[in-house]
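What follows is a short report on a single structure.
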Amino acid sequence: MRVYVPLTLPGLAEAYRTGELGPGPLTAYAVTPALREWYVSDDIEELEYAALNRAALASLRLLATTPGTPRRRVVVAVDVPDQSAAVDPDRGLDPGALGEVRMERAVPLAKAAAVHVDADDAEADVSAAAEALGAADQGDDDARFTVDGAEDHELLWYATQEIPHLLR
């Protein structure tokens, strides 16, 4: 199963230093039954893209709680055995938890298939979105528009060998 782990650039640096994403438990995103039902598609690539976007939003939430962190969303795509990623049935119907899975143990960074990171030119919009996230969650339409502005930026794909370059 492919899971998408939300991080920040310092979180990616720590994973690179230690060789693992963790410690557990980790929250990640994947194609879950609830995500399938919400997205209404049978195209696995579209569903995985939706899971990636859910992880990107979770990365934005991490940025909102860590001032001073470079304002670029980071998501690591990792292939793990199906049984290592569990869906919480109590959160399965929560719209905010669509696609959410929990992994009890750290995941070796060697299992990563790719890293997705915002381009440098997304930083201003991502920074504004991180600042507006709380108000957007409270129903502020202007703040929601600002958060959506960050979501308009596509995350760039990087091979795992490129992680040191991303951390410079």
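Assorted remarks:
- Residue-count net charge about residue 95 - beta-carbon cut-off 13 Å; Lys, Arg +1, Asp, Glu -1: -2
- Here the simple spin-label model places points 7 Å from the Cα toward Cβ, and for residue 90 and residue 45 these points are separated by 3.9 nm.
- Residue list for the stretch 75-108, given a label point 7 angstrom along the Cα-to-Cβ vector of residue 36 and an amide N cut-off under 19 Å: 80-95, 97-102
- Expected 222 nm ellipticity per residue - DSSP helices of 4 or more, -39500 (n - 2.57), all of the chain, to 500: -12500 deg cm²/dmol
- Of the DSSP H helices in the chain, those whose Cα atoms cover at least 27 Å axially and whose Kyte score averages 0.0 or more: 44-64
- Total formal charge among the other residues, if their Cβ is under 15 angstrom from that of residue 2, Lys/Arg +1 and Asp/Glu -1: -4
- For the stretch 38-114, the convex hull drawn through the C-alpha positions has a volume of 130 cubic angstrom per residue.
Any read-out appearing in this document is the output of simple, stated calculations on the displayed coordinates, not a laboratory observation. This structure is a prediction, so every number in the text was calculated from the model and none was measured. Positions of Cβ are generated from backbone atoms using ideal geometry, with glycine treated the same way; all protein chains shown enter the neighbour counts.
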